[in-house]
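Since the structure comes first, as structure tokens, the remarks are kept for the end.
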Amino acid sequence: MKTVFVTVGTTRFDELIESVTSPEVTQILKARGYERLVLQVGRGTFVPDADSCAHLSVEAFRFKDSIAEDMRQADLIISHAGAGSCLEALGAGKPLLVVVNDKLMDNHQLELARQLHMDHHLLYCTCSTLIETLKNMDLSVLQPFPPGQPKNFADFLDKALGISPFSNEKPGI
């Protein structure tokens, strides 16, 4: 069964969960051949029930010891733009669509998502552009993220966030 796995990590991102379970989005996912939606809702208050989407089978949970198996079973991962979630999803080698929470203050998620997109590792959008992104996405343009090189990822994060490796300064401080 073709599956979409959605993760918000340990955060609260109800807007993403509400968006991805909307009739418009589930209809697009169904038209693209997806049949199952697995949602990791974190600390959110919105937890869809199993029959909340007319077009897809839905499973929702808050937390697990590991979401590696959910990612492994997914045909598409939709994630918030947290660095840990992005790294885990990229490591799973699955197509990744990152949804940036543009409501966060001092949010570096956009820089991370933008750089990984420019390097062709993922697609990204916001909740307000999710429908259009899903309609037009071409997963064939994505390239695998090189595995097993945490130093490269740390250097990449430093570059994306504008942190000099030669100082203890953080942006905006």
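The values are calculated or read from the model by the stated rules, or taken from the named source; none is laboratory data. Here the structure is a predicted model, which means the values were calculated and not measured. Please note: Cβ atoms are built from the backbone with ideal geometry, for glycine as well, and neighbour counts cover all protein chains shown. For the accessible areas, the whole protein counts, side chains as well, though only heavy atoms, and no ligand, DNA or RNA atoms are used. Shrake-Rupley method; radii C 1.70, N 1.55, O 1.52, S 1.80 Å.
Quick notes on this structure:
- LEU97 buried (at least 21 other Cβ atoms within 10 Å of the Cβ), in contact with a strand residue (DSSP E or B) (Cβ under 9 Å, 6 or more places away or on another chain) and in contact (Cβ under 8 Å) with a residue 40 or more places away in the chain: yes
- LYS159 being modelled with pLDDT under 80, open to solvent by 70 Å² or more (accessible area, probe 1.4 Å), part of a helix (DSSP H, G or I) and not hydrophobic (A, V, I, L, M, F, W, C): yes
- Of all residues in segment 100-141, those that are over 20 Å from GLU18 (Cα atoms), of a type in the set (Asp, Glu) and open to solvent by 80 Å² or more (accessible area, probe 1.4 Å) total 1.
- Extreme residue, surrounded by the most Cβ atoms within 10 Å (Cβ to Cβ), among residues of segment 35-74 that are more than 18 Å from THR10 (Cα to Cα) and of a type in the set (Asp, Glu): GLU35
- Any hit, segment 88-111, residues being polar (S, T, N, Q) and over 19 Å from GLY9 (Cα atoms): no
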